[in-house]
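The values are calculated or read from the model by the stated rules, or taken from the named source; none is laboratory data. Note that the structure is predicted; figures quoted are calculated from it, not measured. Here the Cβ positions follow ideal geometry from the backbone for every residue, glycine too, while neighbour counts run over all protein chains shown.
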Amino acid sequence: MKKRVLLLTSILGLSLLTACGKEAESTTQAETTTEAVTEEVTEEAETANDATEKADNASESDTVEWTFGPYEYSGDDLVIKAISTYICDEFGKNYDTGDVGIPCPNILDVDSTDTSDVKAYGEYWYNTYSLKGDTLYSEAGGSYPGCIHLKQLEDGSYEVTGFDQVEDGTNYEESAKKIFGDLYDSFLDLSSDTEAREALRAKYISDFVNEKGIPATKYQDYGWDPVELNAEQGGNEYMGGLYAADGESDINIALYRSEGTPIVIVQEGENIYYGEFTSEDAKLDDGTEYVKITVEGKTFGYSFDNPGEEYSSGLIVDQDGKPHTAKGLDKSVADEIKELTK
């Protein structure tokens, strides 16, 4: 802006030299014009400085010191837990901005036929966020579609052993068809369903926010409107459940997470057992694996045919150790049972 003043003054000085007969008048015009331009520039500079100072102050006051640590998956699905850890460790190496990186494994199908090579097909997302005020601002991120390979360890947990990633560019379609095979069309539907993916993303962020007590109520991508997070989700989140469906037993099992703590509600006839529980891996006489749980001194068991699916079928084991075929317990029914515990 200072260059504008010098240039205009020089032009007016040349005008004075070529118009001596009007020297007094031109001098007055030059002084007036230079004074006006200088005043304008000064005001603009002061306004710009004020705006910068206000922006800096706002940025400083809105920025929240990050003391919540790295992302940790807090759910019960051991496959998703292993995948989430892998996404953070491997994909996270590509990003160095933001306070925290949060994964979003958008899983299409899990083939657990061979526990030494479990195959999880899906589209795996990773985004980094910075906390400013009550908003998690997305800094960077990316999508990694493909098939993640895992093996089950002796303690029942899983570890990732490899990743077949869909290639970028002109080889995308060919490599995707090779990796997904018969699931290719379903994969295209999955990757194009933006609404479902964003809902899943909001869930993973909400779970983490509520688990860690992070003062965020929304997240926001650059150029997009903020998305509200579910502040109640971590406080009382339904993790899934089953009901005995063989006509031989009247047992419902509902799993929740309350304030970050896993709880179970077991309804057996008119009796309801509720609260925190202990669990251990167990097997039936035929070798079928299940999770044995003890709540209020009563022991039951359950297993899901497709872990991670909220309404998956499976089996329930009663207090006598007898198994019963089971079906997924609808959330609305589980919530009705939960109301009975109040």
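Of all residues in region 276-288, those satisfying the criterion of being surrounded by 14 or more Cβ atoms within 10 Å (Cβ to Cβ) and either assigned to a strand (DSSP E or B) or free of Cβ contacts under 8 Å to residues at least 24 places away in the same chain (or both) are PHE277, SER279, ALA282.
For ILE148, the test of being crowded, with 17+ Cβ neighbours inside 10 Å, out of contact with any Ser or Thr (no Cβ under 6 Å at 6 or more places or on another chain) and farther than 30 Å from VAL291 by Cβ is failed.
Does any residue of region 129-141 turn out to be outside any strand (DSSP E or B) and outside the structural domain of THR288 (by TED's automatic domain parsing)?
Within region 129-141, one or more residues are outside any strand (DSSP E or B) and outside the structural domain of THR288 (by TED's automatic domain parsing).
Looking at the structure I just gave you, is ASP320 without any contact (Cβ under 8 Å) to a residue 12 or more places away in the chain and either crowded, with 19+ Cβ neighbours inside 10 Å or outside the structural domain of GLY156 (by TED's automatic domain parsing) (or both)? Answer is yes for this residue.
Of the residues examined, TYR126 is not one that is in contact with a strand residue (DSSP E or B) (Cβ under 7 Å, 6 or more places away or on another chain), surrounded by fewer than 19 Cβ atoms within 10 Å (Cβ to Cβ), on the phi < 0 side of the Ramachandran plot and of a type in the set (Phe, Trp, Tyr). Return a yes/no flag: does region 259-266 have any residue that is buried (at least 19 other Cβ atoms within 10 Å of the Cβ), under 29 Å from the mean Cα position of the chain (by Cα) and of a type in the set (Gly, Ala, Ser). Looking through region 259-266, none of the residues is buried (at least 19 other Cβ atoms within 10 Å of the Cβ), under 29 Å from the mean Cα position of the chain (by Cα) and of a type in the set (Gly, Ala, Ser).
Scanning region 104-116 for residues that are assigned to a helix (DSSP H, G or I) and either at pLDDT 95 or above or surrounded by fewer than 21 Cβ atoms within 10 Å (Cβ to Cβ) (or both) turns up nothing.
Residues that are over 30 Å from GLN319 (Cα atoms) and either in contact with a helix residue (DSSP H, G or I) (Cβ under 9 Å, 6 or more places away or on another chain) or in the same structural domain as ASP89 (by TED's automatic domain parsing) (or both) number at least 3 in the following strands (runs of 3 or more DSSP E) confined to region 157-275: 158-165, 218-220.
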